[in-house]
Amino acid sequence: MTSCAAADGPQFPSPSAIPLSRRFSGKRVGIVGMGKVGRAIAQRAVAFGCPVAYTDVRQMDDVGHRFVPELLTLVRESDILVLAAAADKAKGIINAAVLDALDRDGYLINIARGKLVVESDLVEALQRGAIAGTGLDVFVDEPNVPAELFAMDRVVLQAHRASATVESRKAMGEMVLAGLAQALAGERPEEGSLTTSCAGTCWSAANI
């Protein structure tokens, strides 16, 4: 991971001054939420030779990856935990106990909703080295981000703008137009169109 603080360092540091990184290939990937985004993540993780397991409210019959009913069990068996759940009702499911289960070599990636993570527990876990690092695209009180995260060299922060690519925004516009055309024709817009989560669908297709 590239640190937030690294941006203030030399533009071309000596190679010997750059810490060793971790390879992604072969890492055990645990996915929380096997919807469209979760499935897109799994597809790409498999391409890197990563064993994939997931948890959700139920087992998906059309998903070949291993289903783990209990979140803590999934966390203990993962090197990288990726949050991709819809989070309509869930809140604070990633707390101190879960982060301790992830272990010192584990990474937390949240591209779902900020409220899934107890941010104070995450900050504390990072400060005491309970996990290896984290990558966050979402936060509890956007656009406000805990100040402690900016100073940590094992944290990657990204504004909540996963759909902000030319391809995705074009696809989102096309989906809206298609939905409008269907509605004006007296038809019910298809899934992934006007009445569904446009950004999530486009994000999984174009940005992972």
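Charges were assigned to the Cβ only: +1 to each Lys and Arg, -1 to each Asp and Glu. The resulting dipole of the chain about its Cα centre is roughly 340 debye.
Kirkwood analysis of the chain, using all unique Cα-Cα pairs, places the hydrodynamic radius at 18.5 Å. With a Cα cut-off of under 23 Å and a minimum spacing of 8 residues unless on different chains, the lysine pairs in the chain number 7. Taking Cα atoms, how many degrees apart are the long axis of helix 36-47 and the longest axis of the chain, rounded to 10 and kept between 0 and 90? Helix 36-47 and the main axis of the chain meet at about 50 degrees. The amide H of F139, built 1.01 Å from its N in the peptide plane, has G114 as neighbours under 5 Å, considering only residues 5 or more places off or on other chains. Taking the square roots of 5 times each eigenvalue of the Cα gyration tensor of segment 132-196, largest first, gives ellipsoid semi-axes of 38, 12, 9 Å. Modelled spin labels at R28 and V63, positioned 7 Å past Cα toward Cβ, are 1.7 nm from each other.
For segment 16-39 versus segment 44-112, the inter-centroid distance based on Cα atoms is 11 Å.
Computing FRET efficiency as 1/(1 + (r/R0)^6) for L184 and A164, where r is the C-beta to C-beta distance and R0 is 25 Å, gives about 0.30.
3J(HN,Hα) along segment 115-126: 5, 5, 10, 7, 4, 5, 5, 5, 4, 5, 5, 5 Hz, from the Karplus curve 6.51 cos²θ - 1.76 cosθ + 1.60 with θ = phi - 60°, whole Hz, x for Gly and Pro.
Residue-wise HN-Hα couplings along segment 95-103, as the Karplus relation 6.51 cos²θ - 1.76 cosθ + 1.60 with θ = phi - 60° gives them from phi, are 10, 4, 5, 5, 5, 5, 5, 5, 5 Hz; Gly and Pro carry x.
Values quoted throughout were computed directly from the atomic coordinates according to the rules given, and no laboratory measurement underlies them. Computed from a predicted structure; not experimentally measured. Because the Cβ atoms are built from the backbone with ideal geometry, glycine has one as well, and the counts that use them run over all protein chains shown.
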